[in-house]
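Below: one structure, written as structure tokens.
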Amino acid sequence: MVLSHGVGGSDESVHSTFASRYVRTSLPRFRMPEQSIPKEAAYQIINDELMLDGNPRLNLASFVTTWMEPECDKLIQASVNKNYVDMDEYPVTTELQNRCVNMIAHLFNAPLGESETAVGVGTVGSSEAIMLAGLAFKRRWQNKMKAAGKPCDKPNIVTGANVQVCWEKFARYFEVELKEVKLRDGYYVMDPQKAVDLVDENTICVAGILGSTLNGEFEDVKLLNDLLTKKNEETGWDTPIHVDAASGGFIAPFLYPELEWDFRLPLVKSINVSGHKYGLVYAGIGWCIWRSKEDLPEELIFHINYLGADQPTFTLNFSKGSSQVIAQYYQLIRLGFEGYRNIMENCQENAMVLKEGLEKTGKFNIVSKDNGVPLVAFSLKDSSRHNEFEISDFLRRFGWIVPAYTMPPDAQHVTVLRVVIREDFSRTLAERLVIDIEKVLHELDTLPARVPSGDLAALAAAEASERQMERQREVISLWKRAVLAKKKTNGVC
């Protein structure tokens with residue numbers, strides 16, 4: 001018989017990830033470990049933690065794309081090591097970006113000649129795109145005011161209170177006053193007339209939203225253009241419009257081609273759109289398109305040559321990956337107009353399935369509109385016993401991530417739930433979600449009513465008062481016992 005002898009102390013004795021000392025003992029959380037660990041252990045440790053994340057496909061809070069075709073995934077993986085800013089080294093990637101800009105510009109009806117090149121830039125998302133557009137408006141306004149010999153230190157921008165937080169960031173970071181049109185019950189987008197009323201000589205632009213984050217509704221950019229044109233004629237100003245089409249820019253051209261919101265309107269000077277939303281690309285790509293070269297001041301464009309050749313650049317950052325640009329080009333040529341239209345129609349149909357299912361419960365008011373971004377925003381008809389935040393919390397037990405939130409001023413007393421319908425949210429999932437919402441409603445009905453938030457302070461005050469009275473009673477009781485003991489002592493003497 002042949003006996004095998006293991007080598008004592010060898011790290012190669014057992015190749016079991018979960019039995020290795022790297023996984024069985026904890027690593028420092030906020031400091032770099034002193035020693036290296038095997039790649040398999042590093043992978044397993046991170047993968048195990050990531051399992052606790054939500055399922056992206058069931059994250060109905062997000063507008064961002066969570067599924068792409070395997071062929072596009074391959075292209076993304078093959079280009080993940082390309083730095084987009086190295087234009088001279090990767091000229092084809094640069095060419096693909098330029099094609100995307102021109103395709104999107106034509107989609108938005110930019111007034112381009114047959115051989116004219118569109119003016120635009122790829123960004124890491126609509127937030128950067130809005131910053132760039134805002135900077136262009138601010139610089140054009142400053143140049144105009146300086147030429148007229150007028151002060152240019154108090155620019156402002158007019159938006160609705162329903163704008164995404166990136167507009168507030170732009171105003172704060174670049175020192176522009178933000179004038180917000182307040183919302184009201186039943187009207188959760190910017191009122192064009194109220195917006196124009198806020199415009200003055202220092203207004204660098206008015207921002208219209210094509211697809212409100214709150215309820216998916218398209219603002220009336222056509223009416224805004226007409227009202228602002230009239231005011232410009234009366235005052236001699238030339239206040240322009242920017243359209244934040246982050247969500248709706250890849251929806252309106254396919255579902256509502258007759259809707260005038262884009263460069264068909266003379267005052268619309270720039271448009272941003274998120275490629276990573278209904279442009280159907282993973283997170284990390286946005287686009288900003290200008291009407292013409294005159295609308296993007298030349299002094300904002302930098303020219304560099306230390307990467308090989310003269311390269312114009314207008315971005316807030318420098319290095320970024322090429323993958324998302326390539327993925328956007330893939331989607332544009334793979335799907336074409338027909339493919340995008342089919343996907344948007346399917347999303348809209350699934351939104352209607354969900355909406356009708358919710359209406360049949362008899363428990364909800366639908367806050368969203370049928371025309372707009374394919375989503376369903378809804379609120380409880382009766383929130384006296386339980387509220388929307390409880391429904392959101394209970395739905396997580398089924399894996400669904402459905403946000404609940406309050407509306408901005410002056411509709412902050414309205415709370416809604418919102419489900420965003422993306423390409424990978426099927427009719428079957430819509431029907432399943434309705435069933436799970438009904439289960440949650442039934443479970444909540446069996447629970448005691450929550451304490452209304454307005455009564456919490458009164459309840460806390462009552463409890464504090466009761467505790468104080470109890471302490472007083474204890475003190476009185478102790479005092480009485482002390483007095484009685486004193487009397488007994490005096491009697492003995």
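Here's the yes/no breakdown for (1) in a strand (DSSP E or B); (2) in contact (Cβ under 8 Å) with a residue 24 or more places away in the chain; (3) surrounded by 21 or more Cβ atoms within 10 Å (Cβ to Cβ):
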| position | (1), (2), (3) |
| --- | --- |
| ASN162 | no, yes, yes |
| CYS166 | no, yes, no |
| PHE170 | no, yes, yes |
| GLU175 | no, no, no |
| ALA195 | no, yes, yes |
| GLU201 | no, yes, no |
| ALA207 | yes, yes, yes |
Next on the checklist: Filter the range 339-387 down to the residues that are among the β-branched types (Val, Ile, Thr) and open to solvent by less than 10 Å² (accessible area, probe 1.4 Å) and list them by number.
Outcome noted: VAL373, VAL376
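Each row is one residue, and each column tells you yes or no for (1) among the charged types (D, E, K, R); (2) in the same structural domain as SER274 (by the TED database).
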site: PRO312; (1), (2): no, yes
site: GLN331; (1), (2): no, yes
site: GLU349; (1), (2): yes, no
site: VAL353; (1), (2): no, no
site: LEU358; (1), (2): no, no
site: PHE394; (1), (2): no, no
Item to check | Matching option when the condition is loosely packed, with under 10 Cβ neighbours inside 10 Å and not hydroxyl-bearing (Ser, Thr, Tyr), among GLU40, GLU69, GLU34, GLU95 | outcome: GLU34
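Conditions tested, residue by residue: (1) in a strand (DSSP E or B); (2) of a type in the set (A, V, I, L, M); (3) in contact (Cβ under 8 Å) with a residue 12 or more places away in the chain.
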position: SER392; (1), (2), (3): no, no, yes
position: ALA411; (1), (2), (3): no, yes, yes
position: VAL416; (1), (2), (3): yes, yes, yes
position: VAL419; (1), (2), (3): yes, yes, yes
position: ARG422; (1), (2), (3): no, no, yes
position: THR428; (1), (2), (3): no, no, no
position: ILE437; (1), (2), (3): no, yes, yes
Checklist entry - Got a sec? Which of ASP11, ASP53, ASP86, ASP48 is outside any helix (DSSP H, G or I), modelled with pLDDT under 95 and open to solvent by less than 80 Å² (accessible area, probe 1.4 Å)? => result ASP86
Checklist entry - Mind checking which residues of the range 360-381 are modelled with pLDDT of 95 or more, not basic (Lys, Arg) and not in a strand (DSSP E or B)? => result THR361, GLY362, VAL367, SER368, GLY372, VAL373, PRO374
Checklist entry - How many residues are assigned to a helix (DSSP H, G or I) and touching a residue at least 12 places away in the same chain (Cβ under 8 Å) when one looks only at the range 314-359? => result 30
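The values are calculated or read from the model by the stated rules, or taken from the named source; none is laboratory data. Given the structure is predicted, the values throughout are model-derived calculations rather than measurements. Heads up, the Cβs are rebuilt from the backbone with ideal geometry, glycines too, and the neighbour counts pull from every protein chain shown. When the accessible area is computed, the model is the full protein with side chains, heavy atoms only, and any ligands, DNA or RNA have been set aside. Shrake-Rupley method; radii C 1.70, N 1.55, O 1.52, S 1.80 Å.
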